[in-house]
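Reviewing the structure listed below.
Bear in mind these aren't lab numbers, they're just calculated from the coordinates by the rules spelled out. A quick note: this is a predicted structure, and the numbers were derived from the prediction, not measured. Here the Cβ is made from the backbone with ideal geometry for all residues, glycine too, and neighbour counts use every protein chain on show.
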Amino acid sequence: MKPLSKIRTWLGLAILLSLFLVFSYFSYSPKPQYYPEYVTDSPSPTGVKAFYTYVKRGNAGELWSHSPELLSSDIDHELLIMVEPTFIPEKEEMNAYINFMKAGNTIMLLQNDPQGMFDVKTRSVDPNGKMKVFTQNRTSFRAQFDSAIRLQTKKEDEVLLYDQAGPIAVKQAYGNGHLIVAIAPEWITNGNLLKKDHLPLLLYLLNAEKSDSILFDEYIHGGENAPTFWHVYPMWFLLLVIQGVLLVALWLWFKGKRFGPIFVPREESVRFSDEGVQALAAWYLRGKRYHDSIVIQADYVKLLLQERWQIPYIKDWKDLSSYFERKWSQLPISEIGPFLAGLVNILEKEKITKQEYLLWSKKLEQLRKEVEE
C-alpha cells in the first residue's frame with residue numbers, strides 16, 4: 001500500500017504542476033514593446049512610421065542614421081526631415097547640416113521649440129484655442145495646434161503657415177538650399193496624422209521645395225539609431241586597441257603591480273605608532289629624565305641637518321655657526337651665536353630643570369620644522 005500511496009502523491013503533484021504551467025502559459029500577456037517618440041520604426045501613436053511608409057511607397061523615402069558629416073555636399077535636391085531631435089547637435093555637426101543646405105538641399109525641421117537649432121528664434125504667445133491654420137495664399141486648414149510658441153521671422157524669410165498668433169512654419173534660405181522650420185511635430189505622428197487636415201498640411205510643406213529624394217534623419221534621436229563607438233572606428237583599429245589593453249594588463253601583472261588597498265604591517269604600526277612615542281615621552285617626563293630627552297632630540301635634529309642641509313654630523317654644535325648663517329633664514333644672524341652657546345651649555349649639564357627642558361625642546365622643534373621644510 002505504501003508504494004501505491006507514493007505513486008498517487010507524485011502523480012497528483014505532476015498533475016498540479018502541469019495545470020499550473022498550462023494556466024501560466026495562457027494567462028501570460030507579454031508587455032508591449034517600448035518605442036521612443038518620433039522614430040520612423042515606431043507603430044505607437046507617438047511614432048512616425050505611418051508617414052514614413054506613405055512616403056516610402058513612392059520610392060522617395062529613406063532612413064539616415066549616420067553622422068551629418070557624411071551627408072552629400074553636391075546639389076542632389078535632397079530633403080532631410082528632422083522630427084523632434086532629442087539633443088542639439090555639436091557645432092561641427094551643425095556646420096555639416098548647414099553645408100548640406102548650402103549645396104542646394106533642404107532640411108525640414110519639425111520641433112516644438114526649435115530655439116538653438118540653426119539660429120532659429122521663437123517667442124511666447126497666448127494660445128487662442130482656434131484650430132484654423134492659413135497658408136501663403138490665405139487658404140485655411142483645420143489643425144490641432146495648442147502651442148504657446150511662435151517663430152520669429154526676418155525680412156528675407158518666407159512664412160509658409162501661420163495663425164492669428166503668428167508664424168507656424170517658415171522657410172529660410174541657406175546658400176542654394178533652404179531650411180523649413182515648423183513647430184508642429186505632433187501632426188506627423190501616427191495618432192494625429194489623419195486627424196483634421198494634418199496630412200494635407202504636411203504635404204503642403206513637402207511641396208514647398210522640389211526634392212528628388214527624402215531622407216528621414218534618425219541620427220538626431222540617439223539611442224540605437226545613432227552610431228556607436230563600434231561603428232565609428234574601423235574594426236582593425238578596435239582590435240589594436242583591445243590587444244593594446246591586454247598587453248598593458250599583462251605587462252603590469254608581469255612587473256608585479258597590484259591594484260587594491262595598501263595594508264601596513266601590524267608590527268610596524270605597533271612599534272612606531274604615535275601611541276608608542278607618547279608613551280616613551282611620558283616615561284621620560286615622569287622620571288624627570290629631561291637631560292636624556294633633550295640629548296636625544298638634539299641628536300635627531302643633527303641627523304636631519306646632515307640629510308637636508310648637508311652639515312656633517314661629526315661637527316660639534318659650537319662649530320655650526322657659519323652653516324646656520326647660510327641656511328637658517330628664519331633666525332637673525334645676531335641670535336645664532338647665543339642659540340648655539342646656550343644649546344651647548346644645556347647639553348653639557350648633567351641635570352636640567354623642567355623649565356629649561358621645555359624652552360630648549362621648543363627651540364629644537366622650531367629648528368627641526370625649518371630643516372624639514
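Would you kindly state how much longer the chain becomes between Asp146 and Lys354 on full extension, computed as 0.36 nm times their sequence separation minus their alpha carbon distance, in nm to one decimal? Provide the component values of the computation, followed by the final result.
On the way: separation 208, 0.36 × 208 = 74.88 nm, distance 8.95 nm.
Taking 0.36 nm per residue and subtracting the Cα distance, the gain is 65.9 nm.
Taking the Cβ-Cβ separation of Glu325 and Trp253 as r and a Förster radius of 56 Å, what is the calculated FRET efficiency to the nearest 0.05? Let's see the in-between values first.
On the way: r = 54 Å, r/R0 = 0.97.
Result of the calculation: an efficiency of 0.55.
To one decimal place, what orientation-averaged projected area in nm² is obtained for the convex hull of the Cα set of the range 49-227? List each step's numbers first, then the result.
Details: hull surface 39.5 nm².
Value for the range 49-227: 9.9 nm².
So, counting K/R as plus one and D/E as minus one, what does the shell of residues with Cβ under 14 Å around Glu356 add up to?
Working: positive: Lys288, Arg289, Lys349, Lys351, Lys354, Lys362, Lys363; negative: Asp292, Glu348, Glu350.
Cβ neighbours under 14 Å give a net charge of +4.
May I ask you to sort Ser72, Ser322 by Cβ crowding, counting other Cβ atoms within 10 Å and putting the fewest first?
Working: Ser72 13, Ser322 10.
Lowest to highest Cβ neighbour count: Ser322, Ser72.
Quick check: Cα centre of the range 118-147 to Cα centre of the range 171-199, how many Å?
12 Å
When Asp41, Asp119 are ordered from fewest to most other Cβ atoms inside 10 Å of their Cβ, what list results?
Values: Asp41 14, Asp119 11.
So the ranking, lowest neighbour count to highest, is Asp119, Asp41.
For Phe237 and Leu16 in the same chain, what is the full-extension length gain: residue separation times 0.36 nm, less their Cα-Cα distance, in nm? Don't jump to the answer; show the numbers that get you there.
Details: separation 221, 0.36 × 221 = 79.56 nm, distance 5.75 nm.
Residue separation times 0.36 nm, minus the Cα-Cα distance, leaves 73.8 nm.
In the P(r) worked out for the range 118-183, what percent of Cα pairs fall beyond 20 Å? Can you show the working numbers first?
Details: 550 of 2145 pairs.
In whole percent, the share of Cα-Cα pairs in the range 118-183 beyond 20 Å is 26.
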